[in-house]
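Engineer: The structure's right below; bear with me while I get my questions together.
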There are 6 protein chains.
Amino acid sequence: MKATVHRKAHFNAAHRLFIKEWTDEKNFEVFGKCSNPHYHGHNYDLTVSVCGDVDPKTGFVINLKRLKDVIYEDVELPFDHKNLNIEVPEFKDRNPTAENIAIVIWNKLREKLRDDLELTVTLYESQRNFVTYRGE
Amino acid sequence: MKATVHRKAHFNAAHRLFIKEWTDEKNFEVFGKCSNPHYHGHNYDLTVSVCGDVDPKTGFVINLKRLKDVIYEDVELPFDHKNLNIEVPEFKDRNPTAENIAIVIWNKLREKLRDDLELTVTLYESQRNFVTYRGE
Amino acid sequence: MKATVHRKAHFNAAHRLFIKEWTDEKNFEVFGKCSNPHYHGHNYDLTVSVCGDVDPKTGFVINLKRLKDVIYEDVELPFDHKNLNIEVPEFKDRNPTAENIAIVIWNKLREKLRDDLELTVTLYESQRNFVTYRGE
Amino acid sequence: MKATVHRKAHFNAAHRLFIKEWTDEKNFEVFGKCSNPHYHGHNYDLTVSVCGDVDPKTGFVINLKRLKDVIYEDVELPFDHKNLNIEVPEFKDRNPTAENIAIVIWNKLREKLRDDLELTVTLYESQRNFVTYRGE
Amino acid sequence: MKATVHRKAHFNAAHRLFIKEWTDEKNFEVFGKCSNPHYHGHNYDLTVSVCGDVDPKTGFVINLKRLKDVIYEDVELPFDHKNLNIEVPEFKDRNPTAENIAIVIWNKLREKLRDDLELTVTLYESQRNFVTYRGE
Amino acid sequence: MKATVHRKAHFNAAHRLFIKEWTDEKNFEVFGKCSNPHYHGHNYDLTVSVCGDVDPKTGFVINLKRLKDVIYEDVELPFDHKNLNIEVPEFKDRNPTAENIAIVIWNKLREKLRDDLELTVTLYESQRNFVTYRGE
């Protein structure tokens, strides 16, 4: 029997959407006020979903305590109260859109999970905008 | 790399569930107090989900500004503060159940999106009742 | 020792804001799309707050079971899935604004509670608009 | 046309995670404070999702009134305000993890639904931890 | 200038409402299924509100880091994943109603705060039932 | 009859807590990771509450359309997607704590409202931290 367990986490960060080689006008045209050079920020909510077999003894797909620790180490600690563009190396040459943040988080968590577990990451940039990435 | 972006929207509307050729008794038997001839209403919450390739340059599946505008034009403007049975032509001969409202919204948005994007619509009639439609 | 207990309830209803003796233009000017003659609707959320002494034996200000039953009888049953303007007599000559709905609910509940209990009613017309009435 | 309808429900219960044949130390090592022998509890939120064809006449996948009644009879009544380990027979020899509670609920509801309807159960143990089971 | 800062916290616990010297019948009559002798449980949400002068230098009423630590030490640590009736000494001879839990929390936190700060505690037993206590 | 109407609004912004004349060590000691010199950010939620007499004709305390416009002009437009420290003049010499942001918003809105209306501002920095200011 397979089930999916979901764990929510949270971090607050500043970011700016822009492409270095574009002019300010072009950046504003595509990214609007999200390209503000002085940055703006969000309370990011994260749902990490892990699908796999339910262990018949423990009744667990994965020990949530361990999942919580992995999320803390690999996402909350390096991202919380940070400026994503400046302080998080993965976004040095990658635009920190919700899509790209979800992909970066997925890649970091994927390495820490057993191969037989399927991983999905949902990142809420605000209550109205969010993104799901499944590694496809 | 494929991701799904989700955008929430909102409209308030009145509706009534009933089948014209049925008696009031039959309508009440099937639809209960939702068949009240004087109408009742809801704060409808809508989640529009669009799945597609992440543009390697911008980091966007779709520009959310554009998605927001399409939802405003095609859903919020024609549905908000309206009586769905009387004022929205799509429900002239279609019972405005949450299922049918989701289908109508999906059909309207489908026309406005590039063919390579997959569309899912989730419509909340209340916090306890909601419906998902994927065009299947 | 005094405490305040709060109980949430819910009803869905249709309404229209307008003043009978005003022209349609004047009504639209003041109430905007809320004056749509075909009605629109809301999922109304209600918080009923009762402040009083904590019974030293039971540890209750009021038995929530009883409060829940009173709210059901006096608010949910007569308001849920109704057209407030047409089907709820209190709004025959009273504009069903959130303010007035809160006042009507407060008046109905006030009669059913012991005199030493203070009553506050908060009515959510939507997640963004709500009203509090304390009988002042 | 296929759609998925979702209905939310709720119950409050006490539980304890542990494996009878393990020592207290081993149970604490694996289940942490969730293995407290005096029990702890949760407000469990449940989303039941049913996918099937939309009836072209009624516009319903399933009458939500009926779904609500089935959930009440088979989940809320036997689980609400209960000690899952002691009072719910399905957990006599099954650890009441969120995964196992979701599986037990799915099995109970599956029997009551038409064969052509697909069933998914999502169980929230808290706002941060939840589980999805689809009978796979 | 005075402001009120609010901090949310959370704990999961089991409890049972009953008066020792009453019969089971009397307890059931007053407390309903909340008097189940095998316990049930809740995800308790807590809002701690502290009102006082805004420090003109820091812009703080109170350092939220300190408030968070006090709540953790005095509420979350002793209450989380506990059976309130059996494991929390304050409820040995006090019925663990939401009112009484709020009062106990208020008393514990009051001792840790400067005298010039006003304290209010709001305890959510569920999303529908909650209680406010201000030490009056 | 007096009632209080509440209107919610929203803005996303970057900020940094620090006192210019303090060393980095002192700032970190008092403000923790909130003093990160590269900024971090939040989705700020705002509730504006206005208490006054209910107009016996319209049933309004204040036309919410007007209140919404004032909030948009005076808060959302100047604060949304901005760096509060750099781009909002009120925080040039004022630490942008939640308390101070609430006070600045209250002062701006106070000027736009009739004298007989009482104003309260609640600012959510995150779902766990928020502040209320009443002009006292």
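Engineer: About its Cα centre, what dipole magnitude does the protein assembly as shown give when the only charges are +1 on Lys and Arg Cβ and -1 on Asp and Glu Cβ, stated in debye to the nearest 20? Present the calculation step by step, with values, prior to reporting the outcome.
Structural biologist: On the way: 120 positive and 132 negative charges, 0 e Å.
With Lys and Arg at +1 and Asp and Glu at -1, about 0 debye.
Engineer: For F:Lys33, list the aspartates and glutamates whose Cα falls under 12 Å from its own Cα; do not include residues on the same chain fewer than 8 positions away.
Structural biologist: A:Asp80, F:Asp24, F:Glu25
Engineer: With θ set to phi - 60° and the Karplus curve 6.51 cos²θ - 1.76 cosθ + 1.60, what are the ³J(HN,Hα) couplings of region E:125-136 in order, to the nearest whole Hz, using x for Gly and Pro?
Structural biologist: 7, 8, 5, 9, 10, 8, 9, 10, 9, 10, x, 8
Engineer: Which of C:Phe79, C:Phe28, C:Phe91 moves the most in a Gaussian network model of chain C with Cα springs under 10 Å?
Structural biologist: C:Phe28
Engineer: Same structure again: Any idea which of D:Ile105, D:Phe79, D:Leu64 is furthest toward the positive side of the dipole for region D:49-136, if Lys and Arg beta-carbons carry +1 and Asp and Glu beta-carbons -1?
Structural biologist: Of the options given, the answer is D:Leu64.
Engineer: Quick one: angle between helix E:98-110 and the longest Cα principal axis of chain E, in degrees between 0 and 90, rounded to 10, please.
Structural biologist: Tilt of helix E:98-110: around 40 degrees.
Engineer: In addition: Return the single residue from A:Arg94, A:Arg16, A:Arg114 with maximal mean-square fluctuation; model: Gaussian network over chain A, springs between Cα atoms under 10 Å.
Structural biologist: A:Arg114
Engineer: Using the alpha-carbon centroid of each, what span in Å lies between region A:68-136 and region F:65-86?
Structural biologist: Comparing the Cα centres of region A:68-136 and region F:65-86, I get a distance of 30 Å.
Engineer: Next question. From the Cα gyration tensor of chain C, with a ≥ b ≥ c the square roots of its eigenvalues, which class applies: rounded if a/c is under 1.5, or else prolate if a/b is larger than b/c, or else oblate?
Structural biologist: Because a/c hits 1.5 or more and a/b exceeds b/c, chain C counts as prolate.
Engineer: For D:His40, enumerate residues with amide H under 5 Å from its amide H, sequence gap 5+ or separate chain, H modeled in the peptide plane.
Structural biologist: So D:His40 has HN proximity to D:His15.
Engineer: Okay, next question. Using the Karplus equation 6.51 cos²θ - 1.76 cosθ + 1.60 (θ = phi - 60°), what ³J(HN,Hα) coupling, rounded to whole Hz, does each residue of region E:72-77 give in order, writing x for Gly and Pro?
Structural biologist: Running phi through 6.51 cos²θ - 1.76 cosθ + 1.60 with θ = phi - 60° gives 4, 5, 9, 10, 5, 4 Hz.
Engineer: Tally Lys and Arg at +1 and Asp and Glu at -1 over the other residues with C-beta under 15 Å from the C-beta of D:Ser126: what net charge comes out?
Structural biologist: Its environment carries a net charge of 0.
Engineer: If I model a spin label as a point 7 Å beyond the Cα along the Cα-Cβ vector, how far apart are those points for C:Ile19 and F:Leu77 in nm?
Structural biologist: 2.9
Engineer: Additional query: Can you compute the helix-only [θ] at 222 nm over chain A? Use -39500 (n - 2.57) per DSSP H run of at least 4 residues, normalise by all residues, nearest 500 deg cm²/dmol.
Structural biologist: Using -39500 (n - 2.57) per qualifying helix, the result is -6500 deg cm²/dmol.
Engineer: Follow-up question, since we're still on this one. For region B:53-70, just list the computed ³J(HN,Hα) in residue order, Karplus coefficients 6.51, -1.76 and 1.60, θ = phi - 60°, integers in Hz, with x standing in for Gly and Pro.
Structural biologist: Using θ = phi - 60°, the values come out as 5, 7, 4, x, 7, 7, x, 10, 7, 8, 6, 4, 4, 5, 4, 4, 5, 4 Hz.
Engineer: OK, next. Sort out for me the Cα centre separation of region A:32-49 from region C:38-61, rounded to whole Å.
Structural biologist: 37
Engineer: Near F:Lys108, which lysines are there with a Cα under 22 Å away, not counting those fewer than 8 places off in the same chain?
Structural biologist: Qualifying lysines at Cα under 22 Å: E:Lys2, E:Lys57, F:Lys8, F:Lys65, F:Lys68, F:Lys82, F:Lys92.
Engineer: With the Cα gyration tensor of the protein assembly as shown giving a ≥ b ≥ c as the square roots of its eigenvalues, does the rule (a/c under 1.5 for rounded; else a/b larger than b/c for prolate; else oblate) give rounded, prolate or oblate?
Structural biologist: rounded
Engineer: Near the amide H of A:Asp55, under 5 Å away, which other amide H atoms are found, from residues 5 or more places off or on another chain, if H is placed in the peptide plane?
Structural biologist: Distant-sequence amide H within range of A:Asp55: A:Phe60, A:Val61.
Engineer: Could you pull out every one of the aspartates and glutamates with an alpha carbon less than 19 Å from that of D:Lys20, ignoring same-chain neighbours closer than 8 positions?
Structural biologist: Within the straight-line limit of under 19 Å, D:Lys20 reaches these aspartates and glutamates: A:Asp55, D:Glu29, D:Glu87, D:Glu90, D:Asp93, D:Glu99.
Engineer: Further, regarding this structure: Once you've got the GNM for chain C with C-alpha springs shorter than 10 Å, pick whichever of C:Lys57, C:Lys26, C:Lys82 has the biggest mean-square fluctuation.
Structural biologist: Answer for the Gaussian network model of chain C: C:Lys57.
Engineer: What number comes out for the charge environment of D:His81, summing +1 per Lys or Arg and -1 per Asp or Glu over other residues with Cβ under 11 Å away? Could the numbers behind the result be given before it?
Structural biologist: Working: positive: D:Lys82, E:Arg16, E:Lys33; negative: D:Glu76, D:Asp80, D:Glu87.
So the surrounding residues net to 0.
Engineer: Related question: Can you compute the FRET efficiency between D:Phe28 and F:Leu117 using 1/(1 + (r/R0)^6), with r the Cβ-Cβ distance and R0 = 56 Å? Round to the nearest 0.05.
Structural biologist: 0.45
Engineer: 7 Å along Cα→Cβ for the label point: how many nanometres lie between D:Asp74 and each equivalent label in the other copies, listed shortest first?
Structural biologist: Spacings between copies for this position, smallest first, are 3.7, 3.7, 3.9, 4.8, 5.6 nm.
Each value in this text was obtained by applying a stated rule to the coordinates, not by laboratory testing. Given the structure is predicted, the values throughout are model-derived calculations rather than measurements. Every residue, glycine as well, gets a Cβ built from its backbone with ideal geometry; the counts of neighbours run over all protein chains shown.
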